[in-house]
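Reviewing the structure listed below.
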Amino acid sequence: MLRTVVQKTRDFLKRISRHSRSQAYWKKATTTFLAPPEYYDRQEAIMRESLFPRLPDGGAVLDIGCGNGRFTLLFAERARSVLGIDISPSLVAEATKIAAERNRANVEYKTIDLLKEEIHGVFDVVSCLGVTSCIANEDLFRKTVRRLQTLARPDGYVVTKESLSLANDDVHESNGYVATYRNIDRYLKEFEGVGLRLDHEIELANFSGKTNRFFVFRKSP
């Protein structure tokens, strides 16, 4: 029994350490574009052609993990107002500069940690693209899912995009970058468990037993 307790403690500390490394990596990040350019071009096309027709126009949007704002600005073309947040000050500064150059007055960017700082109000659409795979700690992952639910207005939408495992959970780590590929069924159950119903999904790519998809969830009225 003692050996089991020791092993569980080691596993817990390892997960905490891994998550800390992931957070440190993204706080210092100057780019979020780690895949080939064609992937992001495809993402933009799918958002315009398949995702946006399923979402309301003219509302308030929260974009979590906005990076340099490339995809935040797509939401801004259709929304009344958009708040983009990220934990990287460098990326927020770049996003703010680009929005000003394009005269996007309905977009605001802030350096905010979703789990540590307050975000006031609720939103018609809460976007969280490629973020939860960077959360290596399971308790914080579940807390993030609950936070997404509370930030969406009743009958509102939560949109995620993640790389997930079709089998067991898998973790990839390289030079400080940490990706946790959760089992897709377990991932979806976490959202269902907080009252977010899966409305639609769109696959962008698949690789080595993994799938990369958009998920559109609807909050109960």
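None of the figures in this text is laboratory data; all of them are computed from the coordinates on show. Please read these numbers as outputs of a predicted model, since none were measured by experiment. Please note: Cβ atoms are built from the backbone with ideal geometry, for glycine as well, and neighbour counts cover all protein chains shown.
Each Cα pair under 8 Å and six or more residues apart adds its separation to the average, and for the chain the resulting relative contact order is 18 percent. Considering helices alone, the calculated mean residue ellipticity of the chain at 222 nm is -11000 deg cm²/dmol, with DSSP H runs of length four and up weighted by -39500 (n - 2.57) and normalised per residue.
Quick one: what do you get for the stretch 2-219 if you divide its Cα Rg by 2.2 N^0.38 Å? Mind showing how you got there, number by number?
Numbers: Rg = 17.1 Å, N = 218, 2.2 N^0.38 = 17.0 Å.
Here the answer is 1.01, to two decimals.
Residues whose amide H falls under 5 Å from that of C66, counting only those 5 or more places apart or on a different chain, are I85, D86, with hydrogens built in the peptide plane. Cross-link partners for K219 among the lysines, with Cα-Cα distance under 26 Å and sequence neighbours closer than 8 places in the same chain left out: K110, K116, K143, K161, K189.
Note that the stretch 98-110 has calculated 3J(HN,Hα) couplings of 5, 4, 5, 5, 9, 6, 8, 6, 8, 10, 10, 10, 9 Hz, one per residue in order, obtained from phi through the Karplus relation 6.51 cos²θ - 1.76 cosθ + 1.60 (θ = phi - 60°); glycine and proline are x. Would you work out the Kirkwood radius for the stretch 16-129? I mean one over the mean of 1/r across all pairs of different Cα atoms, in Å. One decimal place: 14.7 Å for the Kirkwood radius.
Centre-to-centre, using Cα atoms only, the stretch 129-179 and the stretch 15-41 are separated by 13 Å.
Put simply, when 30-41, 163-174, 137-148 are sorted by average Cβ atoms within 10 angstrom per residue, most first, you get 137-148, 163-174, 30-41. Annotation: amide H-H contacts under 5 Å for A152 (H modelled 1.01 Å from N, sequence separation of 5 or more, or interchain): F123. A cut-off of 5 Å between modelled amide H atoms, ignoring neighbours fewer than 5 places along the same chain, links A79 with G58. For the stretch 135-149, putting each phi into the Karplus relation 6.51 cos²θ - 1.76 cosθ + 1.60 with θ = phi - 60° gives couplings of 9, 7, 8, 5, 4, 6, 4, 5, 5, 5, 4, 5, 5, 4, 5 Hz, in residue order, rounded to whole numbers and with x for Gly and Pro.
Relative to the dominant Cα principal axis of the chain, helix 2-27 is inclined by about 30°. Each residue of the stretch 36-51 is assigned a 3J(HN,Hα), and the resulting list reads x, x, 4, 5, 6, 5, 5, 4, 4, 4, 5, 4, 5, 8, 10, 7 Hz, derived from the Karplus form 6.51 cos²θ - 1.76 cosθ + 1.60 (θ = phi - 60°), x at Gly and Pro.
Ordering of 99-109, 117-127 by packing is 117-127, 99-109, highest average first (other Cβ atoms within 10 Å, averaged per residue). Here the stretch 2-219 carries DSSP beta bridges of which approximately 55% are antiparallel, counting only pairs with both residues inside.
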